[in-house]
2 protein chains.
Amino acid sequence: MPEKAGRAPTQRDVAAAAGVSTATVSYILSGRRDRVTPVTPETRERVLRAVEQLGYRLDHSGRSLRRRRTELVCVVYRMPDNPWVERLAEQVQTIGARSGYSMIALPLPSRPPAEPVPRPSPLRVLRERYVDGAIVANGTLIEPAELRRLAAGGLSLVVFHDALAPAGFDVVDLVQRSALTDLVGHLLDRGHTRIGYLAHDVELAAPDDEVQSLKYRTVAAALAAAGAPLDPRLVVPGADVRERAYVETQRLLRIENPPTALISSSDRGAIDAIWAARDLGASVPGDLAIAGIGNGTEGSAIRPALTTVGLPRLDFTVPVTRLFERITAPGELPGDRIPQPWQLIVREST
Amino acid sequence: MPEKAGRAPTQRDVAAAAGVSTATVSYILSGRRDRVTPVTPETRERVLRAVEQLGYRLDHSGRSLRRRRTELVCVVYRMPDNPWVERLAEQVQTIGARSGYSMIALPLPSRPPAEPVPRPSPLRVLRERYVDGAIVANGTLIEPAELRRLAAGGLSLVVFHDALAPAGFDVVDLVQRSALTDLVGHLLDRGHTRIGYLAHDVELAAPDDEVQSLKYRTVAAALAAAGAPLDPRLVVPGADVRERAYVETQRLLRIENPPTALISSSDRGAIDAIWAARDLGASVPGDLAIAGIGNGTEGSAIRPALTTVGLPRLDFTVPVTRLFERITAPGELPGDRIPQPWQLIVREST
DNA sequence: CTGAAAGCGCTTACAG
DNA sequence: CTGAAAGCGCTTACAG
């Protein structure tokens, strides 16, 4: 069935085999203009047979060059992915399919590129018009200036970011700060004064980084504002790795004057902390109140159900739809801020 | 700096601005032929200035069409990803960069497509020559016939699969069966006769599926062959979801005549099972031996360290290098089988 | 050392 | 209802 090795068959070959012009082949394969100038069923049949026989496959390079769009969009995120990103990808796939778009993913390294910068940069996919648009999840290490350049160059862009001004692209603002502040307030209201923090490594390594240490900084600021500043001895690493979260929590519980509440920079870390506490015979939230950050899928399935902050529902219809509006529009949309606020979700663990 | 809205600048615009021909622009930007016919430093300088000034960005459609390759490869996997796939992606990125290739990911839905099949299919990226090659991780639901068609159509392909013959593409055979059989033998040697199985949902839903239920089928077959067939009451779901693994393990331990050993279809499930057992006061491996499958990164970090089966090292240099050989070669490589056998890794939990 | 020109595979206004 | 032809942005053998 498939063509012989060598040059892959083109529409010219199909046209020749079916005895029609390439225009006819193109109309039939792309499904356009059918109503205006219908092709006779026999012609169509003949062409489709030739396609089958030659093993013809459309080559998008030609189409993209001519149509000036690739009909591909990209979900950009920082490895590893998470349920959040997967849900986003699914929705991009579903909503994009309606306008004939396919989705690819661009997983970016979790660490800033080493020197010398690798050639080609992974960002080539965005820079050289391989895709018509992209959704950038929060946490990637792409520079704001790069994003502005990409948008100026014609890429349709929707960016999840908490501290960035729209500039030719839309910014989905998770408004994490107020929810995190609410969480701190909630714990203080419950009477806690010794509050610990289970951190991601990067937060301890670069506590001043506005983006990477946003959670840590916000929690620390809220506590300080309430007159109960974070005790450095109650700040421990481990939110990244399950077993370390477990060990560090047990260590915290054994120090003199241990915390009565613990905020974990990840839901995962919080769940491990719950187990760590229980294994030591401590009750949650009685002896130790524990809260996560992120509102992952596991938090509501465990006992005690996890108090956390995050998006109440993983529904990205608005930003995803916006991306395709941008792609469809002549390119004249300004940049909007799309608020998608995190919320405090109080369950049983605090 | 960037061009005004409207048509994006092309090499023609750059050439006009710099007062040279498009050929010169192209040579400078692509870096080819420089040694054969060097461009004078001034010309180069002038062109690069024009590029900067116009905000010119290469458009890969034109290049791909002309060069007959996209310089893009794709890692195809089934959502969600896992450390295994991430490692593979990293290595594709690193090794590909040496030949000027960028990597994208194509995450496929975890369930077979609903009827009617969505248009466009996510496989369009592979079918319509968006990429020059792809590595397909194991577990995707792509039909073998589809893989053969893609290879016949000229796509360079390396497929991780345990039950597939090479056919214009290479097959990385994980040889999972013998390692799984070894695991069963190991437990039997230790004197276990009541062995339980913590399954992925799909294994219970489609136990006859050669690909999706390979682990379950192999374990069951090995036990049956040893004269100790799997007791259906000892087969429980939960390997997919942490909390369910925990609950189901505790349930298993409370039944009359409980298992003395448990094989989990995932490392993650096994780790949760360890915690579940310990929370009930059962010792591991004393009261319950527990083994995982997959050799993820967490298994060696916990106590007791997890016995598991999987790849001893996450080194995919051979298959990844092979992919780029395929891409580079005139296209005349046959299909090879690349064995990359799983092994039994005995640690402390059994 | 540089430029004019052909052509990669497709789409699409236009003429018939 | 169908075909001839131009052209999308780039690369590259070839002529100068």
### Query
Only one of these conditions is not met by A:Glu332: (1) assigned to a loop (DSSP other than H, G, I, E, B); (2) within 24 Å of the chain's Cα centre (by Cα); (3) within 14 Å of another protein chain (Cβ to nearest Cβ). Which number is it?
(2)
### Message
Looking only at the stretch B:212-271, filter to residues that are open to solvent by 30 Å² or more (accessible area, probe 1.4 Å) and basic (Lys, Arg); which one of those is modelled with the lowest pLDDT?
### Response
B:Arg244
### Query
If we scan the stretch B:64-78, do we find a residue that is farther than 20 Å from B:Ala329 by Cα and open to solvent by 20 Å² or more (accessible area, probe 1.4 Å)?
yes
## Note on the structure
Note on A:Phe316: of the conditions (1) modelled with pLDDT of 95 or more; (2) open to solvent by 20 Å² or more (accessible area, probe 1.4 Å), unmet is (2)
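Each row is one residue, and each column tells you yes or no for (1) away from DNA strand C (no atom under 11 Å from the Cβ); (2) part of a strand (DSSP E or B).
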position	(1), (2)
B:Leu48	yes, no
B:Tyr56	yes, no
B:Arg63	no, no
B:Arg66	no, no
B:Tyr77	yes, yes
### Query
in contact with a strand residue (DSSP E or B) (Cβ under 6 Å, 6 or more places away or on another chain) and surrounded by fewer than 24 Cβ atoms within 10 Å (Cβ to Cβ), is that true of A:Gln340?
yes
### Query
Across the stretch B:226-276, what is the number of residues that are within 14 Å of chain A (Cβ to nearest Cβ), of a type in the set (A, V, I, L, M, F, W, C) and more than 19 Å from B:Leu187 (Cα to Cα)?
5
### Query
Can we say A:Ala151 is assigned to a loop (DSSP other than H, G, I, E, B), in the same structural domain as A:Arg326 (by TED's automatic domain parsing) and of a type in the set (A, V, I, L, M)?
no
### Message
I'd like to know if the stretch A:21-39 contains one or more residues that are touching a Leu at 6+ places or on another chain (Cβ under 8 Å), farther than 20 Å from B:Pro109 by Cα and either assigned to a helix (DSSP H, G or I) or at pLDDT below 90 (or both).
### Response
yes
### Task
Answer yes or no as to whether B:Gly286 is outside any helix (DSSP H, G or I) and either surrounded by 18 or more Cβ atoms within 10 Å (Cβ to Cβ) or without any contact (Cβ under 8 Å) to a residue 12 or more places away in the chain (or both).
yes
## Note on the structure
From the option list A:Arg326, A:Arg337, single residue qualifying as under 23 Å from the mean Cα position of the chain (by Cα), under 21 Å from A:Ala163 (Cα atoms) and of a type outside the set (A, V, I, L, M, F, W, C) is A:Arg337
### Query
Only one of (1) open to solvent by less than 60 Å² (accessible area, probe 1.4 Å); (2) more than 8 Å from chain A (Cβ to nearest Cβ); (3) within 23 Å of B:Leu141 (Cα to Cα) fails for B:Ile95. Which number is that?
(3)
### Query
Is it the case that the stretch B:299-318 has a residue that's in a helix (DSSP H, G or I) and more than 13 Å from chain A (Cβ to nearest Cβ)?
yes
### Summary
Scanning the stretch B:313-329 for residues that are closer than 14 Å to B:Gly133 by Cβ and out of contact with any helix residue (DSSP H, G or I) (no Cβ under 7 Å at 6 or more places or on another chain) gives B:Pro319, B:Arg322, B:Leu323, B:Glu325, B:Arg326, B:Ile327, B:Thr328, B:Ala329
### Task
Give just the number: which of (1) more than 21 Å from the chain's Cα centre (by Cα); (2) at pLDDT below 95 does A:Ile195 not satisfy?
(2)
### Query
Mind checking whether some residue in the stretch B:23-30 is buried (at least 16 other Cβ atoms within 10 Å of the Cβ) and either within 30 Å of A:Glu332 (Cβ to Cβ) or more than 16 Å from DNA strand C (Cβ to nearest atom) (or both)?
yes
### Query
Of the residues A:Arg127, A:Arg69, which single one is within 11 Å of chain B (Cβ to nearest Cβ) and touching a Ser or Thr at 6+ places or on another chain (Cβ under 9 Å)?
A:Arg127
### Message
From the list B:Glu115, B:Glu90, exactly one residue is more than 15 Å from DNA strand C (Cβ to nearest atom), within 19 Å of B:Leu323 (Cβ to Cβ) and without any contact (Cβ under 8 Å) to a residue 24 or more places away in the chain. Which is it?
### Response
B:Glu90
### Query
Within the group A:Ala50, A:Ala114, A:Ala105, which residue is among the hydrophobic types (A, V, I, L, M, F, W, C) and either within 19 Å of B:Arg119 (Cβ to Cβ) or within 9 Å of chain B (Cβ to nearest Cβ) (or both)?
A:Ala105
### Task
Give A:Glu90, A:Glu115 a once-over and let me know the one that is of a type in the set (Asp, Glu), more than 24 Å from the chain's Cα centre (by Cα) and open to solvent by 50 Å² or more (accessible area, probe 1.4 Å).
A:Glu115
### Task
Please work out if A:Leu323 is closer than 27 Å to A:Asp201 by Cα, modelled with pLDDT of 95 or more and not in a loop (DSSP other than H, G, I, E, B).
no
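The values are calculated or read from the model by the stated rules, or taken from the named source; none is laboratory data. Everything numeric here is computed off the predicted structure, so don't read it as measured data. Heads up, the Cβs are rebuilt from the backbone with ideal geometry, glycines too, and the neighbour counts pull from every protein chain shown. What goes into the accessible areas is simple: the full protein's heavy atoms, side chains included, and nothing from ligands, DNA or RNA. Shrake-Rupley method; radii C 1.70, N 1.55, O 1.52, S 1.80 Å.
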